[in-house]
Every structure is written in structure tokens, then in C-alpha cells.
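Trainee: Structure incoming, see below.
The values are calculated or read from the model by the stated rules, or taken from the named source; none is laboratory data. In this text the structure is predicted, and so the values were computed from the model without any measurement. Methodologically, a virtual Cβ is constructed for each residue, glycine included, from the backbone with ideal geometry; neighbour enumeration extends over all protein chains shown.
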Amino acid sequence: MATLSGIKTDEYNNLFAKNVDEIEAERENEALSENKLEYKEYKVELNINQNHDTHLEIHARASETKAKEAHIQAHYKAKLLQRDNMAVQQMKLQQDAMAN
Ligand SMILES: [Zn+2]
């Protein structure tokens, strides 16, 4: 097992991914608390590959605004899409396995 300062590689990757999403979500919070989707040079943009659980956890700390509400809804929708995509991929893998 490859290690980096005693941390397993996949643990390190998880740690890194989480930090990136945390930083991003915190920056989004600044905008969302102002009821804005653009703040300074930063744009609040939703990406399917974000860690939506981390975003939802951090966005809970932002002030209650319409922008926050809409953004949280978008994260939930993205989570549903991710889950459905995964189900489709799993089905394909099972079909491929049966074809061989
Ligand atoms: Zn977000």
C-alpha cells in the first residue's frame, strides 16, 4: 500500500477533495449570504463532480437568502443526478458481465 507521510493514498485523496470543496463552498457562502450568485471575481457555479454533502454542510452556515435556498436545491438535484448516473453505470456493468 502506497503511503504519504503515513496516510494511505486514497485517504489522502479524500482529504484533498474535501478541502477543495470546503474552500469552494465557503467562498460561495460569502456570495449566498449577500443573496448574490456573483461575488468579487467569484461566480457561484454548480458542478456535478462537487462533493455535494460537503457543500450542503457548509452552506447551512450561510445567512438565509433566496440565493442560498436556490443553490441548496441545485445541490440536491445534482446529488439525485449523480445517484441516477451511478445506477445506470452499474446496470451497464452488469449487462456487460452477463454478455461475457
Ligand atoms: Zn455550493
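Trainee: If you check 68, 92, 77, which single one turns out to be among the basic types (Lys, Arg), more than 11 Å from the ligand (Cβ to nearest atom) and under 18 Å from residue 32 (Cβ atoms)?
Mentor: After ruling out the rest, the residue left standing is 77.
Trainee: Would it be correct to say that residue 48 is under 18 Å from residue 20 (Cα atoms), surrounded by 15 or more Cβ atoms within 10 Å (Cβ to Cβ) and not acidic (Asp, Glu)?
Mentor: Here the answer is no, as residue 48 does not meet what is asked.
For (1) of a type outside the set (Lys, Arg); (2) within 19 Å of the chain's Cα centre (by Cα), each residue gets a yes or a no:
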site: 39; (1), (2): yes, no
site: 56; (1), (2): yes, yes
site: 62; (1), (2): yes, yes
site: 65; (1), (2): yes, no
site: 68; (1), (2): no, yes
site: 72; (1), (2): yes, yes
site: 76; (1), (2): yes, yes
site: 87; (1), (2): yes, yes
site: 93; (1), (2): yes, no
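Trainee: Take the conditions among the hydrophobic types (A, V, I, L, M, F, W, C), more than 18 Å from residue 74 (Cα to Cα), out of contact with any strand residue (DSSP E or B) (no Cβ under 9 Å at 6 or more places or on another chain) and at pLDDT below 70 and apply them to residue 4. Does it pass?
Mentor: Considered against the rule, which asks whether it is among the hydrophobic types (A, V, I, L, M, F, W, C), more than 18 Å from residue 74 (Cα to Cα), out of contact with any strand residue (DSSP E or B) (no Cβ under 9 Å at 6 or more places or on another chain) and at pLDDT below 70, residue 4 comes out as yes.
Trainee: Please verify whether residue 41 is without any contact (Cβ under 8 Å) to a residue 60 or more places away in the chain, away from the ligand (no atom under 14 Å from the Cβ) and loosely packed, with under 11 Cβ neighbours inside 10 Å, treating the condition exactly as stated.
Mentor: yes
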